Amino acid sequence: MSAAGGLVPPATSLVEGLPEAFLGSDFTAGLVAAFDDVIGSVGATLDDLDAYLDPRYAPDDFVRWVASWLSPAIAARRDAEHLRAHLGDLRRALVGRGTLDGVTAAVRACTGLDPDVRDSGGVSWSKRPQGSFPGRSAPLLEVDVRISADEPDPDAVLDLVRFVVDDLRPAHVPATVRRAPA
């Protein structure tokens, strides 16, 4: 079939790679050329795979499926358009698990707004031995969440944020999640 028939022709034909002994046979050349019609479409699909998987164009069920790999709790409670807009945040939350950036990205994926996230510190270096420790001695994570005024159930979103923060925070760090004015 040609491109007019719906299949994409390959960039190079498989017939061109046949040894000289097989090129004399019309049957062999025709059989291998038939594979060009099938394999050409597969090659074109693989070449453009990023366009198939782009969240801007992907179907809603595919976006939900990918989001469920990254955060099942958020994927179950937010609509496909929200997930589509925040797939990058879900990825950053998973990669940055246990960090301020990871918690910030996860809360943004829940609410669509940037939270204020603070911790007690504790990561630093000193030029001299026995230097002072950074931050406070007791571990703490504080998250002030902004929830959009048009959110139909702000309490459910706040519960979702609490669940997600509890899942992402380091196990030894207690977390406090509060609602802040939007």
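The values are calculated or read from the model by the stated rules, or taken from the named source; none is laboratory data. Given the structure is predicted, the values throughout are model-derived calculations rather than measurements. Positions of Cβ are generated from backbone atoms using ideal geometry, with glycine treated the same way; all protein chains shown enter the neighbour counts. Each accessible area value is taken on the protein alone, full model and side chains, heavy atoms only, with ligands, DNA and RNA left out. Shrake-Rupley method; radii C 1.70, N 1.55, O 1.52, S 1.80 Å.
Think of the range 30-85 as having a plus end and a minus end, set by charges on the Cβ of Lys, Arg, Asp and Glu; of Thr45, Ala80, Leu31, Ala80 sits farthest toward the positive end of this dipole. Compared with the dominant Cα axis of the chain, that is its longest principal axis, helix 154-168 is turned about 80°. Here the Gaussian network model covers the chain, with springs between Cα atoms less than 10 Å apart; of Asp60, Asp26, Asp116, Asp26 fluctuates the most. Both radii come from the Cα set of the range 110-182: Rg as radius of gyration, Rh as Kirkwood radius; their ratio Rg/Rh reads 1.12. Shown for the chain: the carbon plus sulfur share of the solvent-accessible area, taken with all protein chains present and a 1.4 angstrom probe, equals 58%.
Dividing the mean sequence gap of close Cα pairs (under 8 Å, 6+ apart) by how many residues the range 31-127 holds gives a relative contact order of 16 percent.
The charge dipole of the chain, taken about its Cα centre with unit charges on the Cβ of Lys, Arg, Asp and Glu (plus for the first two, minus for the last two), comes to roughly 1480 debye.
Counting heavy atoms of the protein chains alone, Thr12 has an accessible area of about 90 Å² for a 1.4 Å probe. Pairs of Cα atoms in the range 25-92 fall into 5 Å distance bins, from 0 up to the last occupied one, in shares of 3, 16, 20, 13, 9, 8, 7, 7, 6, 5, 4, 2, 0 percent. Label separation (Thr28 vs Asp101): 5.7 nm, computed from points 7 Å beyond Cα along the C-beta direction.
Heavy atoms of the protein chains alone define the surface here; on that basis the chain has 64 Å² accessible area per residue at 1.4 Å probe size. A simple charge model with +1 on the Cβ of Lys and Arg, -1 on the Cβ of Asp and Glu and nothing else charged puts the dipole of the range 83-182 at about 620 debye relative to its Cα centre.
Ranked by solvent-accessible area (1.4 Å probe, protein heavy atoms only, all chains present), the residues His172, His82 order from largest to smallest as His172, His82.
When the chain is treated as a Gaussian network with alpha carbon springs shorter than 10 Å, the biggest mean-square fluctuation among Leu23, Leu141, Leu49 belongs to Leu23. Averaging the sequence gap over all C-alpha pairs within less than 8 Å and six or more residues apart, then dividing by the number of residues, gives the chain a relative contact order of 15 percent. For the range 101-182, the residue among Ala175, Pro139, Ser126 whose Cα projects farthest onto the positive side of the dipole built from Cβ charges is Ser126.
Largest accessible area first, the listed residues Glu142, Glu20 line up as Glu20, Glu142 when surface is computed with a 1.4 Å probe on the assembled protein chains. Measuring with a 1.4 angstrom probe and ignoring ligands and nucleic acids, Tyr57 comes out at about 150 Å² accessible.
What is the sum of charges, Lys and Arg at +1 and Asp and Glu at -1, for the other residues whose Cβ falls under 11 Å from the Cβ of Ser13?
Within the 11 Å Cβ shell, the charges total -3.
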